[in-house]
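Just below is one structure, and these are the notes that go with it.
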Ligand code: NAD
């Protein structure tokens, strides 16, 4: 079979650090396994436009491996050209870069390495909440720039203790964030999700479910977004919803950039409606140099905690999603059943409840 992997270039870092498995150079550690089984393995970072390797090779690829970090966008149109495609494997979590409805129609299976980086992201969420609430980035920049004016930083720095924190999406990551928030003695922990947590899980973290989205956002000092991107979440956090946020709330989105409308978030930050925004996911990746989220600031010149998309791709996570990708391939080649939690789209139907209510 022909297996095509779209990965990001690791350059010198990947030569020096073999645990950077998700790079073009280190090929998810799959080459010897795949070739020993007689398969052809093509690895490339070239993914944009009709002349890209992605578009060239997809026409006779059987299995496509992609990552959310450098997404090969498998649109309906690209899928139309992929006559042999049977299986898409996301090395990581989040398969919104694949048109899942089109995959259902064509009986192309879509699998993820579910759970592989959920702790990595939950830790990033905690860091992002703290760096916004405590006004860390401007404080550090001041130091690098040779300054020392404590009042300029402290005037916009707060404690997380006593704040209301809510997660939009309380699945594997959202729940782990709630667990990690418990020792911070927040005033209240809330969640918004059409799938309710089991009562014991709710009780274990002391979280309360709010079923109306506007009511949910209006109660939170901090909101963390932990839902997949699908028809029901695309552009969900927009100008209208932002008006219902508490004035001066902090927003963290490490789920998918397109859940937020980029310009609306930048405006809300500039006006002070949001005090801070942090995350690592962007509506287009790599993000263009002029993307508003690179330089947006609150009225006091801070509140931007953006990074490139890396929270789920720590070295620890890369080992887990590379191993998980190999297991999915082995199961496929050997006709063994897949881990049910990994199956997003099975043969002609959604197997997950997380990509929207259907
Ligand atoms: P999960 O499937 O365990 O949980 C997702 C939860 O979101 C589910 O409980 C689902 O019901 C809920 N949800 C879906 N639509 C919703 C909506 N409209 N409103 C409220 N809740 C909704 O997934 P997970 O492992 O927790 O991952 C969540 C997402 O995080 C992934 O789909 C991916 O997009 C993103 N992610 C990002 C990174 C990163 O590196 N930044 C890494 C891993 C995952």
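Just so you know, all these numbers are worked out from the coordinates, no wet-lab data involved. Keep in mind that what you see is a predicted model, and the values were worked out from it rather than measured.
May I ask for the Kirkwood hydrodynamic radius of the chain, worked out over all distinct Cα pairs and given in angstroms to one decimal? Mind dumping the intermediate values first?
On the way: mean 1/r = 0.0470 Å⁻¹.
Averaging 1/r across every pair of different Cα atoms and inverting gives 21.3 Å.
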Between residue 330 and residue 300, what length comes free when the chain is fully extended (0.36 nm per residue of separation minus the Cα-Cα distance, one decimal in nm)? 5.5 nm
Quick check of the Kirkwood formula: for the range 253-300, what is the inverse mean of 1/r over all pairs of different Cα atoms, in Å? 10.8
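Calculate the all-directions average of the projected area of the range 135-184's alpha-carbon convex hull, and give it in nm².
Values: hull surface 19.1 nm².
Projected over every direction and averaged, the Cα hull of the range 135-184 covers 4.8 nm².
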Using only Cα positions of the range 172-300, each an equal point scatterer, no hydration layer, compute I(q)/I(0) via Debye at q = 0.11, 0.14, 0.23 Å⁻¹ and quote the log10 values to two decimals. -0.39, -0.63, -1.50
Potential lengthening between residue 315 and residue 62 on full extension [0.36 nm per residue; Cα-Cα distance subtracted]: 88.2 nm
Just the Cα atoms of the range 89-219: what Rg and Dmax do they give in Å? 18.8, 61
Can you tell me what the convex hull of the Cα atoms of the range 226-265 projects to on average, as an area in nm²? 2.8
Return one number: the angle in degrees, 0 to 90 and rounded to the nearest 10, between the long axis of the Cα atoms of helix 262-271 and the longest principal axis of the Cα atoms of the chain. 10
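Once you keep just the Cα pairs under 8 angstrom separated by 6 or more residues, what percentage relative contact order results for the range 12-75?
Values: 41 pairs, mean separation 11.5, N = 64.
Value for the range 12-75: 18 percent.
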Cα extents of the range 192-236 along the three principal axes, largest first, in whole Å? 32, 22, 16
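Strictly greater than 19 Å: what percent of every Cα pair in the range 1-158 meets that?
Details: 7826 of 12403 pairs.
When all Cα pairs of the range 1-158 are counted, 63 percent exceed 19 Å.
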Subtract the Cα-Cα distance of residue 267 and residue 157 from 0.36 nm times their separation in residues, and report this length gain in nm to one decimal. 37.5 nm
Put one equal scatterer on each alpha carbon of the range 258-358, apply the Debye formula with no solvent term, and list log10 I(q)/I(0) at q = 0.12 1/Å to two decimals. -0.64
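Relative contact order of the range 218-302, please, whole-number percent, based on alpha carbon pairs below 8 angstrom and at least 6 residues apart.
Numbers: 143 pairs, mean separation 25.5, N = 85.
Dividing the mean separation by the residue count of the range 218-302 yields 30 percent.
Can you tell me, using C-alpha contacts under 8 Å and at least 6 residues apart, the relative contact order of the chain as a whole percent? Walk me through the numbers on the way to the answer.
Numbers: 716 pairs, mean separation 62.1, N = 358.
The normalised contact order for the chain reaches 17 percent.
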Most mobile of 140, 309, 70 per a Gaussian network model of the chain (Cα springs, under 10 Å)? 140
